[in-house]
Amino acid sequence: MANKGPSYGMSRQVQDKIASKYDPELEQILVEWISQQCGSGVGKPEAGKGGFQTWLKDGCVLSELINSLFSGDKPIKKIQSSTMAFKQMEQISQFLTAAEKYGVIKTDMFQTVDLWEAKDLAAVQRTLSALGSVAVTKDEGTYRGDPSWFFKKAQENKRDFSDDQLKAGKNVIGLQMGSNKGASQEGMSYGRSRQIL
């Protein structure tokens, strides 16, 4: 966290709430998947948030990960390890662009500062989980790892109905609309009748 002192009050509560969303079990699954997907060249981080953030911070591991999911033309041509902050952040943003191109939804993406300054590592976990889910769903043969680590996204299930079926459906009253069978006010009385003098 570059040049940032401790936070107090409401800022501290928000920071603690964000930090509580980080899942150590998910971290283990993601580390195992990335290691299997990219090979032993990426290594493994120290356990915990700090190790996870340091491992991914320069963007090289993320770039290797996204490149391993593409079978043909790789989206990130040049993967360079650098100590300069703007180069590392540029590498992370290239990963995010490639992940969106691969099929990860924009709302599942983290922002570069979430990882680089460790502002929201739970968002980084969500993005990597979403990437894993897209890879399992696509089933292109590039995914390496246990398919049960990530859920498979729903696919389109288009149905074709004939005109006769559509017309028959218009005559059916759905149960959500209720029923008026047996409804009448015959024989109902609501207390004593009003006396007008």
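The values are calculated or read from the model by the stated rules, or taken from the named source; none is laboratory data. Computed from a predicted structure; not experimentally measured. Cβ coordinates were reconstructed from backbone atoms using ideal geometry, including for glycine residues, and neighbour counts include every protein chain displayed. Protein only, heavy atoms only, side chains kept; ligands, DNA and RNA dropped before computing areas. Shrake-Rupley method; radii C 1.70, N 1.55, O 1.52, S 1.80 Å.
Which residue, chosen from Leu115, Val61, Ile79, occupies the Cα position most advanced towards the positive end of the dipole of the range 51-127, where the dipole is computed from +1 (Lys, Arg) and -1 (Asp, Glu) charges on Cβ about the Cα centre? My answer, from the dipole projection, is Ile79. Of Lys21/Lys78; Lys78/Lys153; Lys17/Lys57, which pairs sit farther than 26 Å apart, going by alpha carbon to alpha carbon? Among Lys21/Lys78; Lys78/Lys153; Lys17/Lys57, the Cα-Cα distance tops 26 Å for Lys21/Lys78; Lys78/Lys153.
Just how large is the dipole of the range 2-144 about the Cα centre, in debye to the nearest 20, putting +1 at every Lys and Arg Cβ and -1 at every Asp and Glu Cβ? Could you put the intermediate results ahead of the total?
Details: 17 positive and 17 negative charges, 66 e Å.
Rounded to the nearest 20 debye, it is 320 debye.
Bridgeable lysines around Lys170 (alpha carbons under 30 Å apart, same-chain partners fewer than 8 residues away excluded): Lys158, Lys181. Using alpha carbons only, how many angstrom separate the centre of the range 79-158 from the centre of the range 25-56? Taking the Cα centre of each part, the range 79-158 and the range 25-56 sit 14 Å apart. Judged by the mean number of other Cβ atoms found within 10 Å, the most tightly packed of the peptides 71-81, 111-121, 127-137, 44-54 leads the ranking 127-137, 111-121, 44-54, 71-81.
Contact order, relative form, for the chain: 20 percent (alpha carbon pairs under 8 Å, 6 or more residues apart, mean separation divided by residue count). Mean residue ellipticity, 222 nm, helices only, the chain: the sum of -39500 (n - 2.57) across DSSP H runs of n ≥ 4, divided by residue count and rounded to 500, is -15000 deg cm²/dmol. When the solvent-accessible area of the chain is split by element, carbon and sulfur atoms take up 51 percent of it, the probe being 1.4 Å.
For the peptides 35-43, 16-24, 95-103, residues were scored by their other Cβ atoms within 10 Å and the scores averaged per peptide; the highest-first order is 95-103, 35-43, 16-24.
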